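A short worksheet on the structure shown next.
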Amino acid sequence: MSMLSFPFLYFPAIVVVTVLSVSFLRLAYMMFRPRIISHEEQQAARNVRTMDQQAVQNTRTTTVVFAGSFNPPHHGHISLLDHLSSKYGEVIVVIGMNPNKRYDVSPHFRATLVRKMVAEKFHSGVAGNHRATIRVEVVTGLIWRYAMSQNAKTMYRGIRTWKQDGPSEQHLLNQNTLWPLILGPLKWPLPTTFLEGAPKYRRISSTLIRNSLIEAEERGTEPDLEEFMPASITEFVKNAYTKT
């Protein structure tokens, strides 16, 4: 064996190590530098798209997943869905369900509330021209695995701001990034992107709404939910989330 050919014996190993190192760095970047789209960026992207019809055509065949608990859904959720539906061809709203867990308000009922909001906003001509096909699904398995099965390109999560919601979202981001490689199918993970809500909705959260309902019930007063959600679902929410 000549000295000249000897280094080439290590070439396959060098390639493998390089690929693994680059992959590890990409995974670390995905986990520790989350993709966050501010409300201002969403508005700017929409303005660009109104002028760039080619960009619109390029994404009209794209499917994305918008996952959350929607417990209950509110104006902030529908505002983010408005952004996604103007950009993509299909948006699948996903509510996860653990079949072994008991829920005060079932995921299926929450899905019904989201469907009512979608019908009011997007099927009544209120929301403008191009709208994606919007489906609302309750998923019992891993949401990233479901998203892959639907050929989704991106998974979206709604947040008020990363400072407010980031700590609780980081765990899900880690799962979405690592588990496809650990649990299979052995595929590169889908990107998870976080959409920040409009400033006027950032004080609204599902927890705030549930607490407002509890406080109104304790005081014996009628809760005013129309500042949080469309009037079409307020009675359904009151009946589902209060004991009386």
Show the residue pairs that are 6+ apart or on different chains and have beta-carbon atoms under 6 Å apart, the first residue being within the range 210-224 and more than 10 Å from residue 242 (Cα to Cα) and in contact (Cβ under 8 Å) with a residue 12 or more places away in the chain, the second being part of a helix (DSSP H, G or I) and open to solvent by less than 70 Å² (accessible area, probe 1.4 Å). 223/212; 223/213; 223/216
Kindly check whether there is at least one residue in the range 5-16 that is modelled with pLDDT of 80 or more and either of a type outside the set (Gly, Ala, Ser) or open to solvent by 30 Å² or more (accessible area, probe 1.4 Å) (or both). no
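Residue-by-condition table, conditions (1) modelled with pLDDT of 95 or more; (2) within 20 Å of residue 200 (Cβ to Cβ):
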position: 60; (1), (2): no, no
position: 63; (1), (2): yes, no
position: 70; (1), (2): yes, yes
position: 73; (1), (2): yes, yes
position: 76; (1), (2): yes, yes
position: 82; (1), (2): no, yes
position: 86; (1), (2): no, yes
position: 91; (1), (2): yes, no
position: 101; (1), (2): no, no
Over the range 190-230, the set of residues in a helix (DSSP H, G or I) and loosely packed, with under 11 Cβ neighbours inside 10 Å is 207, 218, 219
Identify the residue in the range 17-32 that is of a type outside the set (Val, Ile, Thr) and open to solvent by 50 Å² or more (accessible area, probe 1.4 Å) and, among all such residues, is modelled with the lowest pLDDT. 20
For the range 27-42, pairs from a residue that is in contact (Cβ under 8 Å) with a residue 12 or more places away in the chain and within 20 Å of residue 181 (Cα to Cα) to a residue that is open to solvent by 30 Å² or more (accessible area, probe 1.4 Å) and among the basic types (Lys, Arg), with Cβ under 6 Å and 6 or more apart or across chains, are none
Mind listing whichever residues of the range 75-89 are surrounded by fewer than 19 Cβ atoms within 10 Å (Cβ to Cβ) and not in a helix (DSSP H, G or I)? 89
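The values are calculated or read from the model by the stated rules, or taken from the named source; none is laboratory data. Here the structure is a predicted model, which means the values were calculated and not measured. Using ideal geometry, Cβ is built from the backbone for each residue, glycine included, and neighbour counts are taken over all protein chains shown. All accessible areas refer to the heavy atoms of the entire protein, side chains included, with ligands and DNA or RNA removed. Shrake-Rupley method; radii C 1.70, N 1.55, O 1.52, S 1.80 Å.
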